[in-house]
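Submitted below is the structure of interest, expressed as structure tokens.
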Amino acid sequence: MINGQYIEKRPLAIEDLHQLVAVSAPAISADGQWLACVTTKVVLEENCYKDYILIIDLATKQEVLEWEGTAPQWSPVANQIAFLAEYNGEDHIWVFSLSSGTKKPLAPVYESHYFMGHLVLKNFAWSPDGLSIAYISADASVSMAKNENSVRVIDRLLYKSKGGRGRPVITDNAFSHVWIVPVEGGAPKAVTAGAYNAHSLTWSPDSKKIAFVSNRSVDPDNNQLHDLWAVDLSTNVVVR
């Protein structure tokens, strides 16, 4: 019985499979009133899967909002959600305000194809005071540069990216760094630099530092010496 109506039983057919919906990434708002999660659905017209962010009122169990996007994270101090979605053909971090019902793109996120390990998180996170979002991204000028030559000079030991899932077989020269962007708007700022990759970030409770994992050895291509580092946002000084 569904919604008070009896449904006749029948075998599952191949046409039914596209109606199956996967649910993941549940997150509860700071005031405990709302649940956000990701639903993955088949879009027959485009022959693909798409992710949608679903908002549920926990008091009534009603689904109240849904839009295309993924990786929802609630602000620790307000009914705002940061999430990932495309904007003008590029991946962006967005912020949605539940009170106003508005969404705005906050910062572009660029991918580095350099292989850093299977447990790497190229993640993003709210600052505990809710004023900023830190995220992992490569530099746009390097990530978007196109090699017009038919011959490529390889000068790195880890020149393969593993390939697959839209990634090229040969890695690029982009490095993933820690960036921060104000939630109220403003230019993103890189807070780490150099020929190293940063990943798997988290904030200090006072919102003054960001911890991350990185291989900052003399020859990162030749070892897997990933250590825990922290950057002081007032000075940009990085310490292990």
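Please enumerate the residues belonging to the range 97-131 that are acidic (Asp, Glu) and at pLDDT 95 or above.
129
Condition check ((1) within 17 Å of residue 109 (Cα to Cα); (2) open to solvent by less than 70 Å² (accessible area, probe 1.4 Å); (3) in contact with a His (Cβ under 6 Å, 6 or more places away or on another chain)) across all residues:
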residue	(1), (2), (3)
174	yes, yes, no
188	yes, yes, no
191	yes, yes, no
194	no, yes, no
208	no, no, no
213	no, yes, yes
216	no, yes, no
227	no, yes, no
233	no, yes, no
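Could you list, in sequence order, the residues of the range 11-32 that are of a type in the set (Gly, Ala, Ser), part of a loop (DSSP other than H, G, I, E, B) and in contact with a Ser or Thr (Cβ under 8 Å, 6 or more places away or on another chain)?
Result: 30, single match.
Separate question: Looking at (1) in a loop (DSSP other than H, G, I, E, B); (2) surrounded by 11 or more Cβ atoms within 10 Å (Cβ to Cβ); (3) not aromatic (Phe, Trp, Tyr), which is the only condition residue 8 fails?
Unmet condition: (2).
Checking the structure you have, find out if any residue of the range 44-54 is among the basic types (Lys, Arg), open to solvent by less than 60 Å² (accessible area, probe 1.4 Å) and farther than 20 Å from residue 133 by Cβ. Spell out the reasoning first.
First, pick out the residues of the range 44-54 that are among the basic types (Lys, Arg): 50.
Subsequent filtering for residues that are open to solvent by less than 60 Å² (accessible area, probe 1.4 Å) retains 50.
So of that shortlist, the ones also farther than 20 Å from residue 133 by Cβ come out as 50.
Yes, the range 44-54 has at least one match.
Another question, then. Among 16, 57, which is the only one that is farther than 26 Å from residue 179 by Cβ, touching a residue at least 24 places away in the same chain (Cβ under 8 Å) and either exposed (fewer than 14 other Cβ atoms within 10 Å of the Cβ) or within 15 Å of the chain's Cα centre (by Cα) (or both)?
When all the criteria are applied, what remains is 57.
So residue 184 clears everything in (1) surrounded by 11 or more Cβ atoms within 10 Å (Cβ to Cβ); (2) touching a Leu at 6+ places or on another chain (Cβ under 8 Å) except one condition, right? Which one?
Failed condition: (1).
Then there's this: Can you name the residue in the range 148-167 that is under 20 Å from the mean Cα position of the chain (by Cα) and of a type outside the set (D, E, K, R) and is also nearest to residue 237 (Cα to Cα) among such residues?
Once the filter is applied, the top-ranked residue is 161.
Here is a follow-up. Give me the pairs: first residue in the range 168-181 and over 16 Å from residue 238 (Cα atoms), second residue of a type outside the set (Gly, Ala, Ser) and part of a strand (DSSP E or B), beta-carbon distance under 9 Å, and six or more apart or on different chains, which are they?
From the range 168-181, the pairs are 169/160; 170/160; 171/160; 181/93; 181/106; 181/133; 181/135; 181/189.
Please enumerate the residues belonging to the range 114-124 that are open to solvent by less than 40 Å² (accessible area, probe 1.4 Å) and either hydrophobic (A, V, I, L, M, F, W, C) or more than 14 Å from residue 198 (Cβ to Cβ) (or both).
116, 120, 124
The values are calculated or read from the model by the stated rules, or taken from the named source; none is laboratory data. What you are looking at is a predicted structure, and each value in this text was computed from that prediction instead of being measured. Every residue, glycine as well, gets a Cβ built from its backbone with ideal geometry; the counts of neighbours run over all protein chains shown. Calculation scope for accessible area: heavy atoms of the full protein, side chains included, ligands and nucleic acids excluded. Shrake-Rupley method; radii C 1.70, N 1.55, O 1.52, S 1.80 Å.
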